[in-house]
Amino acid sequence: MIVELGNARARWRAGFAFVGMLVLIAATACTTVVGQPQPAGTSGSTGSSGTSGTPDGPFVQQLAGEVSDAGAMTHLTALQKIADENGGNRAAGTRGYDASVEYVSGVLRQIGFEVSTPSYEGSDHDDEGGSTPGRNVIAETRTGDAGQVVMIGSHLDSVQEGPGIVDDGSGVAALLEIATRLGAEPAVKNKVRFAFFGHEEVGLQGSKGYVESLSSADLKKIKMYLNVDMIASPNGGYIVQGGKGSDEEETGPPGSGTIAQVLADQLVKSGVKSPEIIKFVGDDETAFVEAGIPTGGAENGDAKKKTAAQAEAWGGQAGQVYDPCYHQACDRIENVNRTVLGHYVRALAGTVAHFATSPDALR
Ligand SMILES: [Zn+2]
């Protein structure tokens, strides 16, 4: 259920002190947790420098301040190496994809997450009716209410034509960076679940298979889904999906607009001018939208051209496509725009922290 803004603010402030206490208690009790966010007072943080929205709690400020494009680049370098060693791509059903599954699972296990690689029925790229079992990677925090799951996802496969470093290595790297800084036992109210889907480039099969595999009881526990697909394009924009459009297929279920607004606010707090909120474009969020789960999305644009107004607000080249290497062999590590990546990684971390600690339920 969505509460009115004034009411939400009052409840947020009330929850603020409570969450702050939880962070303090957990930071004292669990000093061995990797990347455990510390209370704001110990970090030298002086509060929100942003210009919009409700003041962030210390947990939000801490996580958004800890993540970086440099951390994400470590993972993008690893994904590039995997593609280079496996015929130049990481497409579903290939050795490059399997190596990507192993890499992501390994990073998450090392942090201490519970990791699973549930399979789904995936049909091949060649479209000759062949099918191979595909694998997703799912990991969640050991802490937080299992009946209140905050979920963030990206796709782990590339197209066959290239290594997929921006599409969607950038989303994968952002999730791994956030998971690393969050740690497996953060002082959160809600459980945080990370998803890395296969076969996105072949009809969204991984995300559809995952949603179909869940019981209606387990689906109800997912309070929100945030999709991350392309957030480091050379001429990228700052675009957010959710709550816009004329029907629920475009806007997402009730609550989706709130997710989009929080992400847009976090982009502004990271220094972005006027992020745009748009309707859904039909990526891995589709299955979640169809299941009635409040959903948001981050995508910096692909083969369309940046407008003059966007270039004015965000920088970059007006009249040029957001990503000239979209779905091509040149979508390599050299294709990454670290400025765009950095803004999105910080904003996504802030958004995850916000909903992980928020006392307000989206549904
Ligand atoms: Zn993609």
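The values are calculated or read from the model by the stated rules, or taken from the named source; none is laboratory data. Given the structure is predicted, the values throughout are model-derived calculations rather than measurements. Glycine gets a Cβ as well: all are built from the backbone with ideal geometry, and neighbour counts include every protein chain shown. Just the protein is used for accessible areas: all its heavy atoms, side chains included, with ligands, DNA and RNA removed. Shrake-Rupley method; radii C 1.70, N 1.55, O 1.52, S 1.80 Å.
Descriptive notes on the structure:
- Of all accessible heavy-atom area on segment 222-276, the percent that carbon and sulfur account for (1.4 Å): 46 percent
- Per residue, in Å², the accessible surface of segment 200-267 once ligands and nucleic acids are set aside, probe 1.4 Å: 34 Å²
- Average accessible area per residue (Å²) across segment 120-188 - probe 1.4 Å, nucleic acids and ligands excluded: 29 Å²
- Pairs exceeding 20 Å between alpha-carbon atoms, taken from 189/221; 273/306; 220/269; 221/244; 279/304; 269/304: 220/269; 221/244; 269/304.
- Sequence ranges 85-97, 160-172, 108-120, ranked by mean other-Cβ count within 10 angstrom, highest first: 160-172, 85-97, 108-120
- 358, 123, reordered so the largest accessible area comes first (probe 1.4 Å): 123, 358
- Centre-to-centre, using Cα atoms only, segment 270-313 and segment 184-229 are separated by 19 Å.
- Each Cα pair under 8 Å and six or more residues apart adds its sequence gap; the mean of these over the residue count of segment 201-344 is a relative contact order of 33 percent.
- Values of log10 I(q)/I(0), in the order q = 0.14, 0.16, 0.18, 0.22 Å⁻¹, for segment 165-268 under a Debye, Cα-only, solvent-free model: -0.70, -0.95, -1.24, -1.69
- Cβ crowding within 10 Å averaged over residues, with 285-297, 136-148, 205-217 ranked highest first: 285-297, 136-148, 205-217
- Ranked packing of 338-348, 324-334, 251-261, most packed first, by mean Cβ within 10 Å: 338-348, 251-261, 324-334
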